[in-house]
1. Is it the case that some residue within the stretch 171-178 is touching a strand residue (DSSP E or B) at 6+ places or on another chain (Cβ under 7 Å), among the small types (G, A, S) and within 30 Å of R102 (Cα to Cα)?
2. Which pairs turn up if I take residues in the stretch 62-89 that are closer than 17 Å to V18 by Cα and look for partners that are of a type in the set (S, T, Y) and in a strand (DSSP E or B) with beta carbon separation below 8 Å, at least 6 apart in sequence or on another chain?
3. Give the residue that is farthest from A169 (Cα to Cα), with candidates limited to residues of the stretch 7-37 that are open to solvent by less than 80 Å² (accessible area, probe 1.4 Å) and of a type in the set (D, E).
4. In the stretch 71-121, which residues are closer than 19 Å to A176 by Cα and among the hydroxyl-bearing types (S, T, Y)?
5. Is it the case that some residue within the stretch 84-92 is of a type in the set (S, T, N, Q) and open to solvent by 30 Å² or more (accessible area, probe 1.4 Å)?
6. Of the residues in the stretch 215-250, how many are among the β-branched types (V, I, T), part of a loop (DSSP other than H, G, I, E, B) and touching a helix residue (DSSP H, G or I) at 6+ places or on another chain (Cβ under 7 Å)?
7. May I ask you to list the residues in the stretch 58-78 that are aliphatic (A, V, I, L, M) and either in contact with a strand residue (DSSP E or B) (Cβ under 9 Å, 6 or more places away or on another chain) or at pLDDT below 95 (or both)?
8. So, N131, is that one closer than 24 Å to V164 by Cα and either at pLDDT below 95 or not in a loop (DSSP other than H, G, I, E, B) (or both) or not?
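The values are calculated or read from the model by the stated rules, or taken from the named source; none is laboratory data. Here the structure is a predicted model, which means the values were calculated and not measured. Cβ placement follows ideal geometry from the backbone for every residue including glycine, while neighbour counts extend to all protein chains displayed. Protein only, heavy atoms only, side chains kept; ligands, DNA and RNA dropped before computing areas. Shrake-Rupley method; radii C 1.70, N 1.55, O 1.52, S 1.80 Å.
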Amino acid sequence: MMRIEDFPRPKDDNGRGVHWSASVYHPRGSELDFWIGELQAMKIKWVKLLDDGGCSSLELCQRLLEADIMPVVRMYRQKPNPGHMTARQLEAVQRLIDHGVRYFETNNEPDLQGEWREPMPENWLEIVADNFIWDADRIIDMGGLPAVPAMSVGRKENLITEVVRKGRADLFEKGAWVAIHNYTLNHPLDYPDDDVNQHGRPLTPEEYEEYARWAYSGLSYEEIIAQGVEISRDDYNKFNNWAWDGRTMEEVNEL
């Protein structure tokens, strides 16, 4: 059985990671030197990135591994459901494993219609589980570690339970892991020790706006206008409010 301590980790792992560009094509040569340097300066140890299914991420993965940074590769397919990895992607996975990559994702938010080439059927969860099992068996056989696909935030369906129900709990003993999307769960940098969380102190208007700026662009309305961006204050406030999932300061304080 594979235990949590058996999963490969980068040297001096601190748990800090980022999602790389959402493009399947990546910087090369001296341009890549710059970005590797930025990652090292931020003490990043994990980088999730996309591959076009033909090893477009190979050079980036090699450079990350040389810098003691662990790549997590998502094999990108537009609207991947229903379906599993292609022969081209399987070949790419093997090449990446041969160069030291271990972690792979093969699907993305299959609970959303936008990730399907056809209308989502009622038994979509079962179909996704079957295709994950197909992908996972092959990745594990090649020496990789496959991810249970990340669902969109807030879903209640349990893909792990579905895989187990199909008699494949063994996949989790062989290295399958669980990808999650937690991008609406931002907290202040001092969370959970901040006064709001510890003592229920109400947010001030200044804090509410500051945290929203930090989570969205980091720029005030005046700073954005100074850069020549044409945007109304109402739109600026609307975009920043995404940081609070649309909740007003009064609603946040009531919670």
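1. yes
2. Listed pairs, sorted by first residue: M70/Y103; P71/Y103; V72/Y103; V73/Y103.
3. Step by step, filter the stretch 7-37, then rank; the result is D33.
4. Y76, Y103, T106
5. yes
6. Of the residues in that region, 1 qualify.
7. L58, L60, L64, L65, I69, M70, V72, V73, M75
8. yes
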